[in-house]
Amino acid sequence: MLETELRFDHLVLDTVRDFESIKGQHELKVGEVSSCTVLGDPDRLKQLLVILTGNALKYTPDGGTVTLTLECHGDEVELVVKDTGIGIRQEDLPKVFERYFRADHSALGKDPGGTGLGLPIARWIVEQHGGQIVLESESGKGTTVRVRLPACPLDD
Ligand code: ATP
């Protein structure tokens with residue numbers, strides 16, 4: 001995997017821009033986005049952002065909100081993707097990082113489709129970068145995904 005110093009905040013803002021035209025009736029918000037540099041593969045990290053933002057929009061009914069924030073805490077950066085969507089039942093939470101697992105989506109009124117590979121790929125990307133990914137969710141209330149990655153010191 002390519003390893004280069006890159007501005008993670010720029011990738012976050014690029015991703016939000018990419019989703020602007022396809023967010024439908026959702027509100028896609030950017031909270032605090034601090035300047036953060038990480039050592040990593042830009043394509044893989046962009047894929048991570050697309051998976052998490054795409055899931056948040058896909059599992060949130062029209063009119064809901066998806067918010068991305070990025071904070072630097074010393075030698076760590078924390079990305080948070082939070083949605084107000086259908087959430088995940090407690091008994092399904094341990095399974096969401098398993099390959100091909102898909103929960104019940106009847107609360108959406110339709111199955112939005114998918115392979116059940118997005119989150120396993122997201123976790124693989126995070127682990128390849130020496131980080132951790134944690135998903136918290138409550139059925140009917142929404143989901144929050146936190147990604148922590150090692151930070152690189154900023155040049156400026
Ligand atoms: P794809 O591989 O196309 O992304 P997918 O969305 O089904 O398909 P994953 O991204 O691996 O696959 O997610 C696994 C399951 O976890 C989903 O089917 C869904 O049930 C649940 N899930 C993931 N993200 C969310 C979210 N933000 N809100 C509610 N459920 C979610």
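The values are calculated or read from the model by the stated rules, or taken from the named source; none is laboratory data. For clarity, every value in this text was computed on a predicted model and none was experimentally measured. Heads up, the Cβs are rebuilt from the backbone with ideal geometry, glycines too, and the neighbour counts pull from every protein chain shown.
Here Gly40, Gly87, Gly74 are screened, and the one residue that is among the small types (Gly, Ala, Ser) and within 15 Å of the chain's Cα centre (by Cα) is Gly87.
Meeting the requirement of 1 or more residues that are surrounded by 15 or more Cβ atoms within 10 Å (Cβ to Cβ) and of a type in the set (Gly, Ala, Ser), the strands (runs of 3 or more DSSP E) wholly within segment 60-156 are 132-138, 142-150.
The condition (being farther than 28 Å from Leu2 by Cα, among the charged types (D, E, K, R) and within 9 Å of the ligand (Cβ to nearest atom)) is satisfied by just one residue among Lys95, Lys110: Lys95. Reported count of residues in segment 113-126, each being among the hydrophobic types (A, V, I, L, M, F, W, C) and within 6 Å of the ligand (Cβ to nearest atom), is 2. Return the residue satisfying two criteria in turn: it lies in segment 61-83 and is modelled with pLDDT under 95 and in contact with a strand residue (DSSP E or B) (Cβ under 9 Å, 6 or more places away or on another chain), and of such residues it is farthest from the ligand (Cβ to nearest atom). Result: Asp75.
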